[in-house]
Amino acid sequence: MISLGLLLIRLVIGLLFIGHGAQKLFGWFGGYGLKGTGGWFESIGMKPGVKLALLAGLTELIGGILFAAGLLTPLAGIMIAGTMIMAIAKVHGANGLWSTSNGYEYNLTVLTVTIGIALIGPGQYALDTFLL
């Protein structure tokens, strides 16, 4: 049952981050694409915006794919956690903890889950189990 629970966690978090990456890279799922995300990044002092949007989008997309698949799980966890650290530092941290105030509650939760899975392992239903 533990492996099934880990699979569920990995799939939900991983698929959501595939979506976040696709928003930044391609403008899918209500996102703004590279140009729009890059412009927003520049507006909050992250320059060069488009290049950093590309890096963030690729990190989220690839991290999400790896995390969902349970492949290179520690790396995937670090990739997703890294984007959450940046979100806290550059956007949500100044707003306090609670998401009702645009705080970092969600980011901290995702960061904790991904690092937790990276530390304990992806479970039996993961490509890491079969390939590594």
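The values are calculated or read from the model by the stated rules, or taken from the named source; none is laboratory data. The structure presented is a predicted model; accordingly, all values stated were derived computationally and were not measured. Please note: Cβ atoms are built from the backbone with ideal geometry, for glycine as well, and neighbour counts cover all protein chains shown. Side chains are part of the model used for accessible areas, which takes the heavy atoms of the whole protein and leaves out ligands, DNA and RNA. Shrake-Rupley method; radii C 1.70, N 1.55, O 1.52, S 1.80 Å.
So here's what we get for this one:
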{"read-out": "Order by protection proxy (mean Cβ within 10 Å, highest first), peptides 63-76, 10-23, 81-94", "value": "63-76, 10-23, 81-94"}
{"read-out": "Selection from Thr100, Leu52, Gly70, by position along the positive dipole direction of the chain (Cβ)", "value": "Leu52"}
{"read-out": "Estimated dipole of the chain in Debye, rounded to 20 [Cβ of Lys and Arg +1, of Asp and Glu -1, Cα centre]", "value": "280 debye"}
{"read-out": "Residue-averaged 222 nm ellipticity for the chain, from DSSP H runs of 4+ at -39500 (n - 2.57), nearest 500", "value": "-23000 deg cm²/dmol"}
{"read-out": "Under the span-like rule (Cα at least 20 Å along the axis, Kyte-Doolittle mean at least 1.0), DSSP H helices of the chain", "value": "2-26, 49-69, 73-87, 105-120"}
{"read-out": "Ile44, Ile62, Ile80, reordered so the largest accessible area comes first (probe 1.4 Å)", "value": "Ile62, Ile44, Ile80"}
{"read-out": "For the chain: accessible area per residue (Å², 1.4 Å)", "value": "56 Å²"}
